[in-house]
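Structure, as structure tokens:
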Amino acid sequence: MSDTDGGAVPPDPSTPVPPSWSAPGSSQPPSPGGSGAPAPPVPPPGGPTYGASPGYGAGGPAFGAGAGQPAYGPPAGTPTGTAGAPAPHWSTALTAHKPGIVALRPSGFGDILEGSFAAMRRNPRTFFGLALLTSLVILLILAAVGALGYLAVTQIGSSQANDVLLAVGTIGGFTLLFVASSVTSVALTGMLSYPVAEAVLGRKPSIGETWRRTRGMLLRLAGLTLVLFIPVLVVIAGLVAVVILAFDRGSNVLGTLGIFAILGTAVAMAFLGVRLALSTPALVLEDLGAIASLRRSWALTRGRFWRTLGVLLVSGLIVGVVQQVLGVGFQVVGGAVGFGLGSTMSGQAGEIAGTVVVLAFTLLGSLLATLLSQPFQAAVGTLLYTDARIRKEGFDLALVRAATGARVSG
């Protein structure tokens, strides 16, 4: 059924409908009336939330109608048209409803980018605070690895042993730093999915609330990181080793084939990266496991590959430009300050002081780039996820009910 304006129309109450808070196919208890339709979700105390514990999706309702309200359709008391169809003005209000950072309708390319900036602008304490905490964790790991490597090298007298230990320590340190950075990056993206989802409904959760909602999912986020990155590392490292050995032993044909295999693997990884880009918000907002979130992302991006790729490319380009500007800018400033400071001191002390200043400015630029880029990327991914659910599952109806049934802030 549809009205004359082509607006969204609630289904017939006698027809079973999928639950608004989970993926299609999730099990639901029978309705109290025994009609076979799913029972209306029950809101948590204090009003329904976008990602209420125990989860956005499977595992517990995250959305619910207000007292006396139907699970689907316009709020009680809304005027309706002929034969029970909602009046045209309600359909127009539904499609234009915007309690938060984006309108509760399918989002355009600009809507997603604008909404991502709006999420950070409306709740900077939560977004930048969490990004700062995770960045400090990375810096502490980097400092610990560097200190241990320095102590280990200085305690061994043999120069040959020093070279071997330095090479092994450098490879191990970079590997550890890469794994730690990947895990914390995915964990931060997952945690920030919650305040972005709440911002869609016009709410501004604090750091404490975000931590309480997402801390139980950190192990699953770490597992998701390992599932995503370990196979990539193993395959790429194996192919690179084959290429190096092939050229070293004069087998140019095998080495060339290995190079093409690396290029083909890179293309395959890029394709999988786009199809699995929504797994992190799906894990957090639907309370899924690592493998289930990968399947969920695959389903949501089916038929939406190029659109998802385009948004990710543009957002990645924005992040890359910001990182380069901050990185190069702080390195130039640090080099100038370090040179000026070193010139006022004599000998080795001046060299050490200049090096320390350059490193400090470089780390500061990297930290600021992370503080800006990570929340933005998390917001883009979450809004892509929300848009995919709206387009594929009519999720805007559930969002409207959650937004109108709770106090809107910001």
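Among 372, 288, which is under 23 Å from the mean Cα position of the chain (by Cα), closer than 22 Å to residue 185 by Cα and outside any helix (DSSP H, G or I)?
Going through 372, 288 in turn, the sole match is 288.
Quick check on my filter: what residues within segment 291-305 are part of a helix (DSSP H, G or I) and under 20 Å from residue 377 (Cα atoms)?
293, 294, 296, 297, 298, 300, 305
Is it the case that some residue within segment 176-193 is outside any helix (DSSP H, G or I) and buried (at least 17 other Cβ atoms within 10 Å of the Cβ)?
Within segment 176-193 (the criterion being outside any helix (DSSP H, G or I) and buried (at least 17 other Cβ atoms within 10 Å of the Cβ)), the answer is no, since none of the residues qualifies.
Is at least one residue of segment 376-390 within 23 Å of residue 285 (Cα to Cα), part of a helix (DSSP H, G or I) and among the charged types (D, E, K, R)? Step through it out loud before you land on a result.
Our first condition is that a residue be within 23 Å of residue 285 (Cα to Cα); within segment 376-390, this holds for 376-390.
Going one step further and asking which of them are part of a helix (DSSP H, G or I), we end up with 376-390.
Restricting the remaining residues to those that are among the charged types (D, E, K, R) gives 387, 389.
Scanning segment 376-390 turns up at least one residue that is within 23 Å of residue 285 (Cα to Cα), part of a helix (DSSP H, G or I) and among the charged types (D, E, K, R).
So, residue 321, is that one modelled with pLDDT of 85 or more, closer than 23 Å to residue 124 by Cβ, of a type in the set (A, V, I, L, M) and surrounded by 20 or more Cβ atoms within 10 Å (Cβ to Cβ) or not?
Values: modelled with pLDDT of 85 or more: yes; closer than 23 Å to residue 124 by Cβ: yes; of a type in the set (A, V, I, L, M): yes; surrounded by 20 or more Cβ atoms within 10 Å (Cβ to Cβ): no.
No: the conditions fail for residue 321.
Output the number of the condition that residue 268 fails; it satisfies all remaining conditions of (1) closer than 24 Å to residue 215 by Cβ; (2) loosely packed, with under 15 Cβ neighbours inside 10 Å.
Here residue 268 meets the rest and fails (1).
The values are calculated or read from the model by the stated rules, or taken from the named source; none is laboratory data. All figures in this text were calculated on a predicted structure; none of them were measured in a lab. Cβ atoms come from the backbone with ideal geometry, glycine included; neighbour counts cover every protein chain shown.
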